[in-house]
Amino acid sequence: AKLFSQDPIQFYSSDLKTASEARLRLESQLREAIAKEQLQVYLQPIYDLSSGRIVKAEALLRWFPTKDSSIGPDVFIPIAEQTGLIYPLGKWVITKVCELLTVFKQHNINIKLAMNVSPRQVSDRHLFEFIKSTAERLGVDAHKLELELTEGVLVDNYNKAQKLLNSLREMGVTIAIDDFGTGYSSLSYLKHLPIDHLKIDRSLISDIDTNEDDRAIVLAILAMATQLRLKVIAEGVETMEQQEFLKQHRCASAQGFYYAKPMPLESFIAFMK
Ligand code: C2E
Ligand code: CA
Ligand code: CA
Ligand code: CA
């Protein structure tokens with residue numbers, strides 16, 4: 001009862017103040033983290049469902065501010081996006097991913113590596129040049145690179161996205177639409193842009209056994225993808241039942257805790273042996 005007797009406006013604004021202070025603190029810490037190399041790229045394998053083999057891995061950013069604490073990308077990526085820190089951070093990830101591909105080669109690990117690219121990076125007109133020059137400098141075959149973009153940037157920023165995607169396609173980089181099925185209702189961009197894969201969001205996969213609506217949406221995505229000659233990757237597969245459902249309906253690939261959690265490079269190399 002005490003809580004409700006408080007002046008709600010004051011309560012709200014003091015709350016807002018601490019939230020923005022916390023954000024500011026996090027921003028300067030993140031700036032430092034980039035400089036101090038407290039960031040790591042973890043790898044999660046992606047399986048081809050018909051052969052059961054690992055064909056790809058997704059690079060997922062991790063931040064370890066101290067030896068035994070970590071902050072998840074769901075917390076710091078949005079802040080990096082809002083503050084523009086995503087530009088240096090994104091470049092760091094691109095460089096790291098290319099370096100990882102050269103390490104894969106040394107270990108005879110012949111798979112693709114997918115990286116997440118956020119909306120603000122897509123609007124950076126130097127993004128393509130940076131990817132191209134980094135891949136060339138490190139001797140990375142561009143066909144080994146995949147970019148994961150959310151559909152929002154393709155709809156809101158259509159002309160820029162089209163130019164970028166065409167250049168990437170020409171170079172051999174493949175494109176996956178991330179979080180598919182959660183965002184925009186417009187699907188017409190799928191017709192005009194050089195897209196290779198749709199990644200079905202985890203939120204649609206998690207209740208696939210029990211929720212008929214989710215199942216219907218997943219089946220509709222799979223049917224549409226077949227017609228458009230797009231391959232589907234299911235994200236967040238946690239059970240054998242989910243895997244079997246996806247396999248039965250000809251989903252091309254899957255990723256999730258059922259197979260493996262994201263892991264650091266050394267563990268990933270051991271996992272691949
Ligand atoms: P996302 O791209 O949709 O990545 C999938 C998320 O689901 C990852 O969370 C992954 O660890 C998690 N996941 C995979 N399989 C399972 C599963 O079976 N069960 C459950 N519960 N979770 C699963 P993570 O690593 O915390 O990343 C969160 C988000 O942060 C990513 O979502 C992506 O949007 C963003 N992100 C991560 N790394 C980067 C990056 O390098 N650049 C950018 N721009 N964004 C990134
Ligand atoms: Ca992703
Ligand atoms: Ca997702
Ligand atoms: Ca995402």
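Among Thr95, Ala161, Thr182, which residue has its Cα furthest toward the positive end of the charge dipole of the chain, with +1 on Lys/Arg Cβ and -1 on Asp/Glu Cβ? Of Thr95, Ala161, Thr182, it is Thr95. For the stretch 188-201, backbone phi angles converted through the Karplus equation (6.51, -1.76, 1.60; θ = phi - 60°) give residue-by-residue couplings of 5, 4, 4, 6, 9, 9, x, 10, 9, 9, 10, 9, 6, 5 Hz, Gly and Pro being listed as x. Here is the size of the stretch 30-166 from its Cα atoms: Rg then Dmax, 15.4, 44 Å. Annotation: for a label point projected 7 angstrom from Cα along Cα→Cβ of Glu244, residues of the stretch 202-228 with backbone N closer than 20 Å are 205-216, 218-219.
The sum of -39500 (n - 2.57) across all DSSP H runs of n ≥ 4, divided by the residue count of the chain, sets its helix-only mean residue ellipticity at 222 nm to -15500 deg cm²/dmol.
What whole number of Å gives the distance from the Cα centroid of the stretch 97-124 to the Cα centroid of the stretch 191-261? Going from one Cα centre to the other spans 23 Å. A straight Cα-to-Cα reach below 17 Å connects Lys67 with the lysines Lys36, residues fewer than 8 places away in its own chain not being considered.
With one equal scatterer per alpha carbon and no solvent term, the Debye-computed log10 I(q)/I(0) for the chain at 0.17 1/Å reads -1.44.
Test of understanding: what is the full-extension gain from Asn108 to Gln29, defined as 0.36 nm times their sequence separation minus their Cα-Cα distance?
Details: separation 79, 0.36 × 79 = 28.44 nm, distance 3.70 nm.
Computed gain between Asn108 and Gln29 is 24.7 nm.
Only Lys, Arg, Asp and Glu count, each charged at its Cβ (+1, +1, -1, -1), so figure out the dipole size of the stretch 54-131 about its Cα centre, rounded to 20 debye. Spell out each step's value before the answer.
Numbers: 9 positive and 7 negative charges, 42 e Å.
With only Lys, Arg, Asp and Glu charged at Cβ, the dipole is about 200 debye.
Based on the Cβ-Cβ distance of Met224 and Gln40, what FRET efficiency does E = 1/(1 + (r/R0)^6) give at R0 = 35 Å, to the nearest 0.05?
Values: r = 36 Å, r/R0 = 1.04.
For Met224 and Gln40, the calculated efficiency is 0.45.
Taking the charge dipole of the stretch 208-263 about its Cα centre, with +1 at Lys and Arg Cβ atoms and -1 at Asp and Glu Cβ atoms, the residue from Thr239, Phe257, Ala223 reaching farthest to the positive side is Ala223. Based on the Stokes-Einstein relation at 37 °C and a viscosity of 0.692 mPa s, and on the Kirkwood radius from alpha carbon pairs, the stretch 65-126 is assigned a translational diffusion coefficient of 245 µm²/s.
Looking at the chain, send over the antiparallel percent of its DSSP beta bridges, to the nearest 5. Show your work: numbers first, answer last.
Values: 14 of 36 bridges.
Bridges in the chain are about 40 percent antiparallel.
Long hydrophobic helices in the chain: the complete DSSP H runs spanning 27 Å or more by Cα along their own axis with mean Kyte-Doolittle hydropathy of at least 0.5 are 86-106. Label positions at Trp92 and Glu170, each projected 7 Å from the Cα along the C-beta direction, are separated by 3.2 nm. Placing a label point 7 Å from the Cα of Glu129 along the Cα-to-Cβ direction, the residues of the stretch 77-92 with a backbone N closer than 17 Å are 87-88, 91-92.
Any read-out appearing in this document is the output of simple, stated calculations on the displayed coordinates, not a laboratory observation. Keep in mind it's a predicted model, so treat the numbers as computed, not measured. Virtual Cβ from ideal backbone geometry, glycine too; neighbours counted across all protein chains shown.
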